[in-house]
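Below: the structure, in structure tokens.
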Amino acid sequence: MAKTIKFNLICDGQPVRTIEDLQENFSVEDMLGYFESGLLLRWLKVRDYKDEYKEVSEISTKDDLEIAKKLIKIFNVETDEKEIAKDVYVLQFLKERNQKISKYDSNRLEIDEIVKNYTKEYADLVKEIMDNSDDISRIKANITEIVNNYKPVLQLNYRELFWKMADRDYLLVIMCFLMNSVTRKYYLDAGQPENNEENMDTTIKKDKEKIYEKICSYFEPSADIYKSTADAISSPSASTKGDIVKVLGDNVSVFDGKTDEYWKDLEVKGKKYMILGIGTRDKVRAAGDHNGDLSYDDVNNKFPIVDGIDYMSNSTTSKLMYMEV
């Protein structure tokens, strides 16, 4: 009998010989590629993983995100579902762009047609953001795609884009733009005096100031922001904070509690968070950063991003609001 020739998969740059290796080095991009090419099934067969072979062979969906979810479940991979969704969306963008590049090369499209398609693709990404304004993974992935490949259009369009999404129903979208290291500068510059260029067009400068004021208005009045949300969430006459919690849903975290002048470890280092607001006498900082204390004036209307969270409060009524970036 001919001997079965075994081979390794390469996931995240590492050789994979066993299911345990696959779990430790799981890569969405690699696994989707191996699934699509049939190499994953061949690997499972030669390695004699009969149960996993059967489950993978029964995957019939063509949707990359659903395939990724099924593979994660089959191989019992511990991972962040939102991050997986974002990675899959980015991969889809790359696949579509490569297909379009190939089409451009083969058809020798004229420059004006390319420009027309380019701006349309940007508009399609914006529309997808607006149509999925409650899907944080898709919003973040679309913003990343815009920044990486459509930045020239965004630089011309970011002010008009903001006023399209200025309604409170699109608050999650706005927060995602503030989380991105590139796009946050477009909308928060007016709140940073050192960034207000003297030679900036007066109309643009005034519009940027209005944009910044609009963003800040979502969190006013500041006294209401830190009150209890129990009634606000269910009442039509919700306070500002209650409205924010309703709109942002599970994407916003709220912590309240007196720490008696001690720092409380809320979130560990290794994940970034955007701070939306704290009480007037509270402090917050990046996890373990003993020289990085941020006060009310450093946080409110500044939306700082920190690595992990330590929090200090001497109030029984004030609240800390933050979002994972």
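The values are calculated or read from the model by the stated rules, or taken from the named source; none is laboratory data. Predicted, not measured: the structure shown is a model, and the values here were computed from it. Cβ coordinates were reconstructed from backbone atoms using ideal geometry, including for glycine residues, and neighbour counts include every protein chain displayed.
Selection within the range 151-173: residues that are farther than 25 Å from Y118 by Cβ and among the hydrophobic types (A, V, I, L, M, F, W, C). The member of this set that is modelled with the lowest pLDDT is A166. Within the range 20-40, the residues that satisfy the criterion of being buried (at least 16 other Cβ atoms within 10 Å of the Cβ) and of a type outside the set (D, E) are L22, Q23, N25, F26, S27, V28, M31, L32, Y34, F35, L40.
Mind checking which residues of the range 294-314 are in a loop (DSSP other than H, G, I, E, B), out of contact with any helix residue (DSSP H, G or I) (no Cβ under 6 Å at 6 or more places or on another chain) and under 24 Å from K246 (Cα atoms)? Even if it seems obvious, please write down each step before you answer.
If we filter the range 294-314 for residues that are in a loop (DSSP other than H, G, I, E, B), which is where we start, we get 295, 300-304, 313-314.
Going one step further and asking which of them are out of contact with any helix residue (DSSP H, G or I) (no Cβ under 6 Å at 6 or more places or on another chain), we end up with 295, 300, 302, 304, 313-314.
Selection gives N300, K302, P304.
Between T18, T61, the distinction of being polar (S, T, N, Q) and under 20 Å from L91 (Cα atoms) belongs to T61 only.
Can K86 be described as within 30 Å of the chain's Cα centre (by Cα), under 29 Å from N149 (Cα atoms) and not in a helix (DSSP H, G or I)?
On the way: within 30 Å of the chain's Cα centre (by Cα): yes; under 29 Å from N149 (Cα atoms): yes; not in a helix (DSSP H, G or I): no.
Spelling it out, it is not the case that K86 is within 30 Å of the chain's Cα centre (by Cα), under 29 Å from N149 (Cα atoms) and not in a helix (DSSP H, G or I).
Out of curiosity, is E81 under 30 Å from D250 (Cβ atoms), surrounded by fewer than 18 Cβ atoms within 10 Å (Cβ to Cβ), in contact with a helix residue (DSSP H, G or I) (Cβ under 9 Å, 6 or more places away or on another chain) and not β-branched (V, I, T)? Spelling it out, E81 is indeed under 30 Å from D250 (Cβ atoms), surrounded by fewer than 18 Cβ atoms within 10 Å (Cβ to Cβ), in contact with a helix residue (DSSP H, G or I) (Cβ under 9 Å, 6 or more places away or on another chain) and not β-branched (V, I, T). Considering only residues in the range 174-206 that are modelled with pLDDT of 90 or more and of a type in the set (V, I, T), the one that is surrounded by the fewest Cβ atoms within 10 Å (Cβ to Cβ) turns out to be V182. For the range 109-166, a residue qualifies if it is of a type outside the set (D, E), farther than 21 Å from I204 by Cβ and part of a loop (DSSP other than H, G, I, E, B), and the qualifying residues are L109, N132, S133.
Among the residues examined, L248 does not qualify as farther than 13 Å from G308 by Cα and assigned to a strand (DSSP E or B).
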